[in-house]
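Notes follow the structure.
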Amino acid sequence: MTSTSDGVGPPSPPGAMEWIRKNLFSNWYNSLLTILGATVVYFTLINIITWVFNTADWRPVTVAPLLYLVGQYPREELWRAGISLLMVTFLVGMSWGVWKRYVRAFAIFMGILLGILAVFPLETTTITLPIRAFMLINPFLIYLGYRIGRLQSVHGRHVATLWLITLLLIPLVILPGFENSSLLPKVPTTVWGGLLITLLLSVGGIVLSFPIGVLLALGRRSSLPVVKLFSIFFIEVVRGVPLVTILFMFSIILALFLPSESRIDRVIRALMGTVVFSAAYTAENVRGGLQAIPPGQVEAAKAMGLKNFHITILIVLPQALRLVIPTIVGQFISLFKDTTLVYIVGINDLLGIGNAVLNLNPEFVRLQMEVYLFIAVIFWVFSYFMSYASLQLEKALGVGER
Amino acid sequence: MSRKLLIVFSVVIAIGMLATACSGAQTEVPATASTGEEVAPAVETVEVIKTVVVEVPAAGEAQPPEIIQAAGYGETLQAILNRGKVVCGVHTELLGFGYLDENGRNIGFDIDLCRAIAAAVLGDPEAIEAVPITAADRGPVLQTGEVDVVTRNMTWTSKRDAEWGNFTWITFYDGQGFLVRADSGVTSLEEMDGATVCVTTGTTTERNLATAFGDAGLTYEAVTFEETSAVYGAYEEGRCDVATSDKSQLAAVRAGFQNPDDHLILDITISKEPLTPAVPTGDAQWLDIVKTVMWGLINAEEYGITSANVEEMKSSENADIRTLLGVEGESDWGYGTLGLEADSLAQAIAAVGNYGEIYDRYFGTEGIAFTLDRGLNNLWTNGGLIYAPPIK
């Protein structure tokens, strides 16, 4: 604004006052609208700020942060959740180093957030000094991961493999543990809760439903009638019922059908429900991408002598999946939010823990606004970074720029 | 041509497979999915067959006139001993009855009952697995035997007893009551004539309200809400004169108000809500064990046995007390048949205290949840309804 270009060069950008006059006070009714709008915004903001900083009672949020994070996970086994977090933050750092801008914002945000959490003053005895120290390691670990990820010898596929191993290790080994093990005693999934279970269900749902969805989409376009009919039947039936129904199906009806010896864990049952639901929607999204591939490409590939399998893997799918990234990510975001529904089948996810905290003591019972707002913010943060990453991915792959 | 045929064939095969699948399902599990009514008989049939095959020769070899037990008898206890844990279906978000503390530990009146059972059976009140279940889950978890016992604020009704499982012993007499502002001066149902009442819609609470006012020939204006929390929000804002719900809930809400003393829970009770732990059908021994533990807690209060004085009481003058605590040389209160230790009840009492201690821990004047007058939940000797068969 202060830079003045005398005579030569393009005209300098308009000054602030000029911009305001041009856009907000160009004539009398725009001026009136601006003043009206500003008044409304001012009072809304003032009210929100007074509420947030004065009226609102944030004790339900600050008194038991661990409940929101891990639910009832035994506090003496908390280190296992901590180790899992360390592994994840390290990998986030590595991903930042390898994939740069897709994860940069998230990695930096995560580091800052964990750093703040580590030193945030709380009036609670549940967050001890070791826990704070543990949290403080995470930002440094992200940076360490970043440096390692930037090394020439570290490639994307290494990090992807590490992610896969970690994502299998955490929910299958570290968190549940084993019977009769002194190092990793068994922790039943009934005590898993909070953000932990929300993330496990969403990541598990996304990772498992994606391949199933792609297979269903291919199956629906298959020339084999049985495969095709099954795919159509599955997709249409699942898409025709609400997620709540499917969750109830898996949680209650399935338990009634199965003999008591072959009982499936409650969390697994809920996960099955979300995977089935999400797979059907993924299938339809992917099918949209498949249909956008001109048939000429397939014919050309056939003429080159490629087998059907190779045509699909090498030619059709890569293009189709690139086309549907925005819809798929949109669907994953909605799956992430939909996991709150598992609350109604008795799993204490983030929302369930929120309700439990409201009943922590009589003074909290009426503080729903604070608790639900807090949970909403958590969901927003995760959803926002998911859509941000997808935007970066789209740009890099040049979707819609042909 | 052949392509068309293939399609036709595959359709026929698919339909055929579907048909077999459906008919197969029908013969194997007759309408298991529909209601609990049908489930229980189906399970029983299987079990009776098993008895004939397994139990009869065993009874022949064993000591003289042993009673032939139904199959399933003792299975639950055996499973618990193998597992090392009692699995309880619980609430995790009902203040006072089943909720969490800041460390995520299950606490509450119902949870202590579960811990008492664990202490009696396994000698360790921490040996519980508290499975959070929803209201809709209560029936299915009993029918499928997913949990050993449901201690989740559950009202005993004839239908639930018939369809879901076996109810053990009433541990809490709740009932629908009214919350009014103290300065309104209302004390009786008649004085509420024409009042606006906040109530949750579509629940038995709403029906009980209509019945109570209708029978008394009174009128009221109902302000209904879907959410329980909205009911109390509206009441607090003054949109209605009266809020109605189960008294335990009213007490919890009242404790949360800015000035609890400005609000009163009236003495009127317009419904019966006997809260009772329940066990799955089919194992009479386990049913007896849970019942006996409840009786033990109640009897302990009658005798004045507390978690603090269990050990001294073992040398009490009173032989009944010594029997209850399983002092050596005293008579068997049934532990032999139930597969428990002589001091099982003593363990339970030492772990969670007697009935009154549990009550006071959460609902007493110093209760950590809220304060609720014992009323009907007093011992029968104090004018309440809490009464249990003697332990002897």
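Taking the Cα centre of segment B:217-322 as reference, the dipole from Cβ charges on Lys and Arg (+1) and Asp and Glu (-1) amounts to some 240 debye. In chain A, the DSSP-assigned H stretches of four residues or longer account for a calculated mean residue ellipticity at 222 nm of -21500 deg cm²/dmol, using -39500 (n - 2.57) per stretch and the full residue count as denominator.
In chain A the longest region clear of chymotrypsin sites (Phe, Trp or Tyr not before Pro) that are loop-assigned by DSSP and have at most 16 other C-beta atoms within 10 Å covers A:59-402. Each label was represented as a point 7 Å from its Cα along the Cα-to-Cβ direction; for A:Ala292 and A:Leu391 these points are 1.9 nm apart. DSSP assigns beta bridges within segment B:176-271; of those with both partners inside it, close to 50 percent run antiparallel. Assuming a ≥ b ≥ c are the square roots of the Cα gyration tensor eigenvalues, decide whether chain A counts as rounded (a/c under 1.5), prolate (otherwise, with a/b larger than b/c) or oblate. Cα axes put chain A in the oblate bin. Remark: spin-label model distance B:Leu189-A:Thr44 equals 5.0 nm, labels positioned 7 Å along the Cα→Cβ axis. Calculated FRET efficiency, A:Met249 to A:Val207, Cβ-Cβ distance, R0 = 22 Å: about 0.50 to the nearest 0.05. For segment B:337-392, a crude dipole built from +1 on the beta carbon of Lys and Arg and -1 on the beta carbon of Asp and Glu, taken about the Cα centre, is about 160 debye to the nearest 20.
Near B:Asn382: Cβ cut-off under 13 Å, other residues only, Lys/Arg at +1 and Asp/Glu at -1. The net charge is -2.
For segment A:370-384, the Karplus equation 6.51 cos²θ - 1.76 cosθ + 1.60, evaluated at θ = phi - 60°, returns couplings of 4, 5, 5, 5, 4, 5, 4, 5, 4, 4, 4, 4, 5, 4, 4 Hz by residue, with Gly and Pro reported as x. Bridge orientation summary for the protein assembly as shown: considering DSSP beta bridges with both residues in this region, about 55 percent are antiparallel. Cross-link reach is defined here as a Cα-Cα straight distance under 26 Å, omitting same-chain residues fewer than 8 places apart; for A:Lys337 the lysines meeting it are A:Lys395. Ordering A:Val119, B:Pro277, A:Ile165 by Cα displacement along the dipole of the protein assembly as shown toward the positive end leaves A:Ile165 in first place; charges were set at the Cβ atoms of Lys, Arg (+1) and Asp, Glu (-1).
With θ taken as phi - 60° and the Karplus curve 6.51 cos²θ - 1.76 cosθ + 1.60 applied, the whole-hertz 3J(HN,Hα) list for segment B:364-370 is x, 5, 9, x, 6, 9, 6 Hz, x standing for glycine and proline.
Take the Cβ atoms of A:Ser181 and B:Asn103, set R0 to 25 Å, and the FRET efficiency comes out at 0.60. With both labels modelled 7 Å from their Cα along Cα-to-Cβ, the A:Arg101 to A:Ala56 distance reads 3.3 nm. Distance distribution note for segment A:100-249: the fraction of Cα pairs above 21 angstrom is 67%.
Bear in mind these aren't lab numbers, they're just calculated from the coordinates by the rules spelled out. Computed from a predicted model, the values in this text were never measured in an experiment. Ideal geometry is used to build each Cβ from the backbone, glycine not excepted, and the neighbour counts take in all protein chains shown.
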